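K.L.:
First the structure, which I've put down as C-alpha coordinates, then a few questions once you've had a look.
The values are calculated or read from the model by the stated rules, or taken from the named source; none is laboratory data. Note that the structure is a prediction, hence the values are computed from the model and not measured. Counting neighbours? That spans all protein chains shown, and the Cβs are built from the backbone with ideal geometry, glycine included. Accessible surface is based on the protein model in full, side chains and every heavy atom, while ligands, DNA and RNA are left aside. Shrake-Rupley method; radii C 1.70, N 1.55, O 1.52, S 1.80 Å.
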Amino acid sequence: GNSVTQMEGPVTLSEEAFLTINCTYTATGYPSLFWYVQYPGEGLQLLLKATKADDKGSNKGFEATYRKETTSFHLEKGSVQVSDSAVYFCALSPNFGNEKLTFGTGTRLTIIP
Amino acid sequence: ETGVTQSPTHLIKTRGQQVTLRCSSQSGHNTVSWYQQALGQGPQFIFQYYREEENGRGNFPPRFSGLQFPNYSSELNVNALELDDSALYLCASSERDGSYEQYFGPGTRLTVT
(Lines give C-alpha, C1' and ligand atoms only; values in the text may rest on other atoms or scores of the structure.)
Protein backbone atom coordinates (compact mmCIF):
# COMPACT_ATOMS: atom_id res chain seq x y z
CA GLY A 1 0.00 0.00 0.00
CA ASN A 2 0.90 3.67 -0.12
CA SER A 3 3.04 5.17 2.60
CA VAL A 4 4.88 8.39 3.44
CA THR A 5 8.01 8.65 5.57
CA GLN A 6 8.92 12.00 7.02
CA MET A 7 12.00 13.33 8.72
CA GLU A 8 11.43 13.00 12.43
CA GLY A 9 11.29 16.10 14.54
CA PRO A 10 11.11 18.24 16.33
CA VAL A 11 13.23 20.67 14.36
CA THR A 12 14.43 23.91 15.93
CA LEU A 13 16.07 26.61 13.82
CA SER A 14 17.07 30.21 14.23
CA GLU A 15 15.26 32.87 12.25
CA GLU A 16 16.62 33.28 8.68
CA ALA A 17 18.12 29.77 8.68
CA PHE A 18 17.69 27.40 5.72
CA LEU A 19 15.05 24.72 6.16
CA THR A 20 14.86 21.22 4.74
CA ILE A 21 12.28 18.65 5.82
CA ASN A 22 12.77 15.31 4.13
CA CYS A 23 9.89 13.26 2.75
CA THR A 24 9.98 9.99 0.83
CA TYR A 25 7.06 7.93 -0.37
CA THR A 26 6.03 4.49 -1.54
CA ALA A 27 3.20 4.27 -4.03
CA THR A 28 2.09 2.52 -7.16
CA GLY A 29 1.40 4.49 -10.29
CA TYR A 30 1.72 8.24 -10.38
CA PRO A 31 0.53 9.81 -7.14
CA SER A 32 0.12 13.49 -6.42
CA LEU A 33 2.24 14.87 -3.57
CA PHE A 34 1.40 17.54 -1.01
CA TRP A 35 2.74 19.45 1.93
CA TYR A 36 0.19 20.52 4.53
CA VAL A 37 0.83 22.81 7.49
CA GLN A 38 -0.98 22.78 10.83
CA TYR A 39 -0.70 25.85 13.04
CA PRO A 40 -1.49 25.49 16.75
CA GLY A 41 -5.20 24.98 17.34
CA GLU A 42 -6.05 24.98 13.66
CA GLY A 43 -6.88 22.48 10.93
CA LEU A 44 -4.63 21.52 8.06
CA GLN A 45 -3.85 24.01 5.33
CA LEU A 46 -2.48 23.04 1.95
CA LEU A 47 0.96 24.60 1.58
CA LEU A 48 1.95 23.33 -1.86
CA LYS A 49 1.44 20.44 -4.24
CA ALA A 50 2.88 18.69 -7.29
CA THR A 51 0.94 16.33 -9.51
CA LYS A 52 3.61 14.83 -11.76
CA ALA A 53 7.30 14.01 -11.82
CA ASP A 54 9.70 16.98 -11.89
CA ASP A 55 6.94 19.43 -10.99
CA LYS A 56 7.94 22.02 -8.42
CA GLY A 57 5.31 23.23 -5.98
CA SER A 58 5.88 26.59 -4.30
CA ASN A 59 4.07 28.90 -1.91
CA LYS A 60 5.04 31.50 0.71
CA GLY A 61 8.74 30.95 0.01
CA PHE A 62 8.49 27.18 0.46
CA GLU A 63 9.38 24.82 -2.40
CA ALA A 64 9.31 21.08 -3.04
CA THR A 65 10.18 19.12 -6.19
CA TYR A 66 8.53 15.82 -7.13
CA ARG A 67 11.44 13.42 -7.70
CA LYS A 68 10.20 10.11 -9.04
CA GLU A 69 13.67 8.59 -9.34
CA THR A 70 14.31 9.02 -5.61
CA THR A 71 10.60 8.88 -4.59
CA SER A 72 11.07 12.09 -2.65
CA PHE A 73 9.35 15.43 -2.09
CA HIS A 74 11.57 17.38 0.29
CA LEU A 75 10.32 20.72 1.62
CA GLU A 76 12.74 23.67 1.56
CA LYS A 77 12.74 27.33 2.48
CA GLY A 78 15.67 29.65 2.13
CA SER A 79 15.03 31.88 5.16
CA VAL A 80 12.54 30.86 7.85
CA GLN A 81 10.57 33.21 10.06
CA VAL A 82 9.12 32.82 13.53
CA SER A 83 5.67 32.68 11.91
CA ASP A 84 6.68 29.45 10.12
CA SER A 85 6.58 27.59 13.44
CA ALA A 86 4.01 24.81 12.92
CA VAL A 87 3.68 21.10 12.20
CA TYR A 88 4.33 20.11 8.59
CA PHE A 89 2.84 17.01 6.98
CA CYS A 90 3.86 15.37 3.74
CA ALA A 91 1.04 13.51 2.00
CA LEU A 92 0.18 11.69 -1.18
CA SER A 93 -2.97 10.92 -3.12
CA PRO A 94 -3.39 8.21 -5.75
CA ASN A 95 -4.48 10.78 -8.29
CA PHE A 96 -5.08 14.51 -8.19
CA GLY A 97 -5.89 14.98 -4.53
CA ASN A 98 -9.58 14.33 -4.24
CA GLU A 99 -9.14 10.77 -3.10
CA LYS A 100 -7.75 9.28 0.05
CA LEU A 101 -4.77 11.24 1.37
CA THR A 102 -1.99 9.24 3.04
CA PHE A 103 -0.02 11.38 5.50
CA GLY A 104 3.37 11.16 7.11
CA THR A 105 3.68 11.50 10.88
CA GLY A 106 4.44 15.20 10.75
CA THR A 107 7.46 17.32 11.64
CA ARG A 108 7.15 19.98 14.32
CA LEU A 109 9.16 23.08 13.39
CA THR A 110 10.06 25.77 15.90
CA ILE A 111 11.79 28.95 14.82
CA ILE A 112 13.54 30.98 17.50
CA PRO A 113 14.23 34.71 17.08
CA GLU B 1 -17.04 32.05 0.84
CA THR B 2 -17.62 30.03 4.00
CA GLY B 3 -14.94 27.51 4.87
CA VAL B 4 -15.34 24.03 6.32
CA THR B 5 -16.86 24.08 9.79
CA GLN B 6 -17.08 21.31 12.37
CA SER B 7 -19.02 20.85 15.57
CA PRO B 8 -18.58 20.45 18.40
CA THR B 9 -15.06 21.76 19.02
CA HIS B 10 -14.44 19.48 21.97
CA LEU B 11 -16.26 16.46 23.31
CA ILE B 12 -15.76 14.13 26.26
CA LYS B 13 -17.41 10.71 26.22
CA THR B 14 -17.26 7.53 28.27
CA ARG B 15 -16.11 4.19 26.90
CA GLY B 16 -19.01 2.31 25.33
CA GLN B 17 -21.00 5.41 24.45
CA GLN B 18 -21.86 6.63 20.97
CA VAL B 19 -20.89 9.97 19.42
CA THR B 20 -21.90 12.01 16.38
CA LEU B 21 -19.61 14.63 14.87
CA ARG B 22 -20.78 17.12 12.27
CA CYS B 23 -19.20 18.84 9.30
CA SER B 24 -20.42 21.55 6.95
CA SER B 25 -18.71 21.58 3.58
CA GLN B 26 -17.30 24.61 1.89
CA SER B 27 -19.79 26.17 -0.49
CA GLY B 28 -19.88 24.36 -3.84
CA HIS B 29 -18.11 21.23 -2.61
CA ASN B 30 -19.79 17.85 -3.15
CA THR B 31 -17.28 15.52 -1.49
CA VAL B 32 -16.48 15.08 2.20
CA SER B 33 -13.65 13.05 3.69
CA TRP B 34 -13.11 12.21 7.36
CA TYR B 35 -9.74 11.66 9.02
CA GLN B 36 -8.65 10.62 12.51
CA GLN B 37 -5.52 12.27 13.91
CA ALA B 38 -4.15 10.68 17.06
CA LEU B 39 -1.86 12.80 19.22
CA GLY B 40 1.54 13.22 17.60
CA GLN B 41 0.51 11.35 14.44
CA GLY B 42 -0.54 12.20 10.93
CA PRO B 43 -4.21 12.03 9.95
CA GLN B 44 -5.57 8.61 8.98
CA PHE B 45 -8.28 8.34 6.32
CA ILE B 46 -11.59 7.01 7.66
CA PHE B 47 -13.91 7.33 4.67
CA GLN B 48 -15.16 9.63 1.95
CA TYR B 49 -18.67 10.54 0.79
CA TYR B 50 -19.57 11.78 -2.66
CA ARG B 51 -23.15 12.80 -3.41
CA GLU B 52 -24.47 10.96 -0.37
CA GLU B 53 -22.73 7.65 -1.16
CA GLU B 54 -19.64 6.20 0.56
CA ASN B 55 -16.78 6.46 -1.92
CA GLY B 56 -13.84 4.74 -0.29
CA ARG B 57 -13.02 3.61 3.22
CA GLY B 58 -9.83 3.27 5.21
CA ASN B 59 -8.88 0.60 7.72
CA PHE B 60 -11.50 1.41 10.34
CA PRO B 61 -14.08 -0.99 11.85
CA PRO B 62 -17.79 -0.83 10.99
CA ARG B 63 -18.59 0.98 14.23
CA PHE B 64 -17.30 4.04 12.39
CA SER B 65 -20.08 5.10 10.05
CA GLY B 66 -21.10 8.22 8.22
CA LEU B 67 -23.75 10.09 6.34
CA GLN B 68 -23.78 12.83 3.77
CA PHE B 69 -26.87 14.97 3.34
CA PRO B 70 -28.35 16.56 0.19
CA ASN B 71 -26.69 19.88 1.11
CA TYR B 72 -23.37 17.95 1.24
CA SER B 73 -22.90 18.37 4.97
CA SER B 74 -21.85 15.21 6.76
CA GLU B 75 -21.86 13.29 10.02
CA LEU B 76 -19.39 10.84 11.48
CA ASN B 77 -20.86 8.37 13.96
CA VAL B 78 -18.79 6.19 16.24
CA ASN B 79 -20.47 3.45 18.28
CA ALA B 80 -19.13 1.56 21.29
CA LEU B 81 -16.39 4.09 21.93
CA GLU B 82 -12.98 2.81 22.98
CA LEU B 83 -10.18 4.67 24.73
CA ASP B 84 -8.11 4.54 21.50
CA ASP B 85 -10.80 6.55 19.72
CA SER B 86 -9.54 9.63 21.55
CA ALA B 87 -8.21 11.84 18.75
CA LEU B 88 -8.76 14.93 16.65
CA TYR B 89 -11.33 14.20 13.94
CA LEU B 90 -10.87 16.22 10.79
CA CYS B 91 -13.33 16.76 8.01
CA ALA B 92 -12.24 17.86 4.55
CA SER B 93 -14.39 18.95 1.65
CA SER B 94 -13.55 19.09 -2.03
CA GLU B 95 -15.09 19.51 -5.43
CA ARG B 96 -14.77 16.18 -7.16
CA ASP B 97 -15.08 17.61 -10.63
CA GLY B 98 -12.94 20.66 -10.03
CA SER B 99 -9.58 21.41 -8.53
CA TYR B 100 -9.68 18.32 -6.30
CA GLU B 101 -7.94 20.12 -3.44
CA GLN B 102 -9.23 19.07 -0.03
CA TYR B 103 -10.03 21.89 2.40
CA PHE B 104 -9.87 20.94 6.06
CA GLY B 105 -11.97 22.10 8.97
CA PRO B 106 -10.52 22.89 12.41
CA GLY B 107 -11.45 19.48 13.76
CA THR B 108 -13.32 18.04 16.74
CA ARG B 109 -11.22 16.93 19.71
CA LEU B 110 -12.79 13.75 21.14
CA THR B 111 -11.67 12.42 24.51
CA VAL B 112 -12.88 9.00 25.63
CA THR B 113 -12.53 8.23 29.34
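K.L.:
As I understand it, the dipole of chain B uses +1 on the Cβ of Lys and Arg and -1 on the Cβ of Asp and Glu, about the Cα centre. Which of B:Gln36, B:Tyr72, B:Tyr49 lies farthest toward its positive end?
P.N.:
The listed residue farthest towards the positive side: B:Gln36.
K.L.:
Please list B:His29, B:His10, A:His74 from largest to smallest accessible area, probe radius 1.4 Å, with all protein chains kept in place.
P.N.:
B:His10, A:His74, B:His29
K.L.:
List the extent of the Cα atoms of the protein assembly as shown along each of their three principal axes, largest first, rounded to whole Å.
P.N.:
Projected onto the principal axes, the Cα atoms of the protein assembly as shown cover 48, 37, 36 Å.
K.L.:
Same structure again: Find the sum over both chains of the accessible area lost when A and B are paired, probe 1.4 Å, and report it in Å² to the nearest 100.
P.N.:
The A and B chains share an interface burying roughly 1500 Å².
K.L.:
Which residue, B:Ser7, A:Leu13, A:His74, has the largest displacement toward the positive end of the dipole of the protein assembly as shown when charges sit on each Cβ (Lys, Arg +1; Asp, Glu -1)?
P.N.:
The residue sitting farthest along the positive end of the dipole is B:Ser7.
K.L.:
Can you run phi through the Karplus equation (6.51, -1.76, 1.60; θ = phi - 60°) for the range A:20-28 and list ³J(HN,Hα) in whole Hz, with x for Gly and Pro?
P.N.:
Karplus values, whole Hz, x for Gly and Pro: 9, 10, 7, 8, 10, 9, 10, 7, 8.
K.L.:
Also, quick follow-up: Of all the C-alpha pairs in chain A, what % are more than 19 Å from each other?
P.N.:
39 percent
K.L.:
Quick one: what Rg and Dmax do you get for the range B:54-111 from the alpha carbons, in Å?
P.N.:
Rg then Dmax for the range B:54-111, in Å: 12.9, 38.
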